[in-house]
Structure formats: structure tokens, C-alpha cells
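Below is one structure, written out as C-alpha cells, with a few remarks after it.
Every number here is computed from the coordinates shown, using simple stated rules; none is lab data. A quick note: this is a predicted structure, and the numbers were derived from the prediction, not measured. Backbone-built Cβ (ideal geometry, glycine too); neighbour counts: all protein chains shown.
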Amino acid sequence: MEEKKLAIIATKGTLDWAYPPFILASTAAALGYEVEIFFTFYGLQLLKKNLDLKVSPLGNPGMPMPMGMDKWFPTLFTALPGMEAMMTSMMKKKMASKGVASLEELRELCQEADVKLIACQMTVDLFEMDTAEFIDGVEYAGAARFFEFAGESDICMYI
Amino acid sequence: MADFDEELDASGLNCPLPILRAKKALAGMDSGKVLRIVATDPGSVKDFEAFAKQTGNELMESGEEGGKFTFLIKKA
């Protein structure tokens, strides 16, 4: 049986949106898929050695809030200073208490399973990002490089 | 429950960790050996069925014991 292929484009750089690419990639790898993730725009944050990702309740009406706050808490208040830090800390605690893996752990599992991580060179240049801040084992390339793999993939997703 | 060669305790771990840990444990085992997995994630019941189907490792048994889910997987 030929190996199936999964191609993912990761474009988001918040704590909540960082999970789907790493969960799906590591699981697919465990199932025998060959996997590549192309990180572009804010998705590049997921490649930093020091992951300091946040989740914001602002403009996110679907986000469940503790103590039923989403029922009575005016949307405007979610823009208050400190809200983002508070929500990020609560989300991290909740995840740890429920046995959800940390992003660092999932990312390591991806790398151990030979998931290929590709950083969009154009975005790196655009935001003048320092590649010394990125983890080792990242390949820097462009859109054509992604299509080389995505064109032959069985599943391709944009996150 | 039938005999097994190695055991993996994935209690308290959530998706996809039980599957990833099981995959790792199986990688270090010889073909034909049996891995017993204990998990508390209710989603792991369907996940281990799907894992076995897609990887070719045989899910010999799947059960529940005192609120925990147990699986026996034979390495292909």
C-alpha cells in the first residue's frame, strides 16, 4: 500500500488555532501518512522556539467563557486590557487539567514522526522575522515547493 | 482479558495523545506482540478502532473496566 499524503497550510498564530495543524499532522503521521505543513503569515508563529501564543475573546462570540461570562459580559469588555492575558492563562490551565497536550509536545511528536515543516520565505522576509528564533529542522521555501507535495496529496487542508 | 507483552497507561491523556503514545510503543515492539492500552478518553474507543483499521495492527479486544477503557492491539 502506497503511503497516503496529507498537506496542510497553517495560517493562524493564536493559541486555539495552533492546535488543529499539529493535532492532525501528528495523528496522520501515526496512521502512516506522509505529512507536510506549510506555515505562512501568522502561522509562522507556530515555528518559534519560544511559543508565546495567545487566545483572544475579542471578536470571537463562539468562545465559551468561564462562569457563563459569555451570557452577561458585554462584547466591548473583551477589548479591555488584560482580558487576552486572562483568557490565555485560563485556557492553558483548562487544557492542562483535561490532559490536552501542550503545543510544544505535539510539535515535537510531529518532528519525531518526520512531518516536514516548511516556512514561507516570503512571509519571513515581509515581517523581517529572525529565523534564529525558529526551531531547527524547518525548510524555507515558496508556494511552488508546497504544490510539489500538495499536488500529489490525498488530503489538502487550509487552516 | 487475554495475555499481553507490554502495557501503556494513557489515563488522563486526551486526543490525540493515546494514539500517538500507542504508535510509539508499537514501534518498539516485534511483529505479533500484543500491547495493552488503558485510557480514560471516551473518544479513544472509536479512535483505536480507526487506528487499527488504518495501520493494519489488529484490535483484538476493546473493553471497559471501572470507568477506564482497555484495548489489546497486536502488532502487524
Report task. Taking the Cα centre of segment B:6-74 as origin, sum charge times position over the Cβ atoms of Lys and Arg (+1) and Asp and Glu (-1), and report the length of that vector in debye to the nearest 20. Result -> 220
Query - Two-site FRET efficiency, A:Leu58 against A:Thr131, from Cβ-Cβ distance with R₀ of 45 Å, rounded to 0.05 - result: 0.90
**Report entry** For residues of A:27-34, the mean tally of beta carbons on other chains within 10 Å
**Finding:** 5
Query raised in the report: Listed highest first by mean packing, meaning other Cβ atoms within 10 Å per residue, what order do B:9-17, B:64-72 come in?
Result: B:9-17, B:64-72
Report task. Within the set of other residues whose C-beta is less than 15 Å from the C-beta of A:Met69, count the net charge using Lys and Arg as +1 and Asp and Glu as -1. Result -> 0
Report task. Would you kindly state how much longer the chain becomes between A:Met86 and A:Trp72 on full extension, computed as 0.36 nm times their sequence separation minus their alpha carbon distance, in nm to one decimal? Result -> 3.3 nm
**Report entry** Mean ellipticity per residue at 222 nm, deg cm²/dmol - from DSSP H runs of n ≥ 4 across chain A, formula -39500 (n - 2.57)
**Finding:** -11000 deg cm²/dmol
Report summary line: Any lysines whose Cα falls less than 26 Å from that of A:Lys98, other than same-chain ones fewer than 8 residues away, would be A:Lys12, A:Lys48, A:Lys49, A:Lys54, A:Lys71, B:Lys23, B:Lys24, B:Lys46, B:Lys68
Query raised in the report: Taking the mean number of other Cβ atoms within 10 Å as a proxy for protection, how do you rank A:3-16, A:118-131, A:25-38 from highest to lowest?
Result: A:25-38, A:3-16, A:118-131
Report summary line: For chain B, whose charge dipole is built from +1 on Lys and Arg Cβ atoms and -1 on Asp and Glu Cβ atoms, the candidate among B:Pro16, B:Leu72, B:Ser44 with its Cα farthest towards the positive end is B:Pro16
Query raised in the report: Top mean-square fluctuation among A:Ser56, A:Ser89, A:Ser97, Gaussian network model of chain A, C-alpha springs under 10 Å?
Result: A:Ser97
Requested in this report: Could you pull out which residues in segment A:44-88 have an amide N less than 20 Å from a spot 7 Å beyond the Cα of A:Thr123, following the Cα-Cβ vector?
Outcome: A:44-56
Report summary line: The relative contact order of segment B:6-74, taking Cα pairs under 8 Å that sit 6 or more residues apart, comes to a percentage of 35
Query raised in the report: So, in Å, what gap is there between the alpha-carbon centers of segment A:1-69 and segment B:10-59?
Result: 22
Query - Cβ charges +1 (Lys, Arg) and -1 (Asp, Glu), total dipole of the protein assembly as shown, debye - result: 740
Report summary line: Over all directions, segment A:10-112 yields a Cα convex hull whose mean projected area in nm² is 7.4
Report summary line: FRET efficiency (A:Glu105, A:Phe41; Cβ distance; R0 22 Å; to 0.05) is 0.35
Query raised in the report: Based on the Cα gyration tensor of segment B:6-74, what are the three equivalent ellipsoid semi-axes, each the root of five times an eigenvalue, rounded to whole Å and given largest first?
Result: 17, 12, 12
Query raised in the report: All other residues with a Cβ under 14 Å from the Cβ of A:Val124 taken together, and with Lys, Arg as +1 and Asp, Glu as -1, what is their net charge?
Result: -3
Query raised in the report: When only C-alpha pairs under 8 Å and at least 6 residues apart count, what is the relative contact order of chain A, in percent?
Result: 37
**Report entry** Selection from A:Leu103, A:Met67, A:Phe149 lying farthest towards where the dipole of segment A:47-159 points positive, charges on Cβ
**Finding:** A:Met67
Query - Among beta bridges that DSSP assigns inside chain A, antiparallel share in %, nearest 5 - result: 5
Query raised in the report: For q = 0.08 Å⁻¹, what log10 I(q)/I(0) does the protein assembly as shown give under the Debye formula with an equal point scatterer on each alpha carbon and no solvent?
Result: -0.37
**Report entry** Mean separation of Cα contacts under 8 Å (6+ apart) over length of segment A:3-54, as relative contact order %
**Finding:** 50
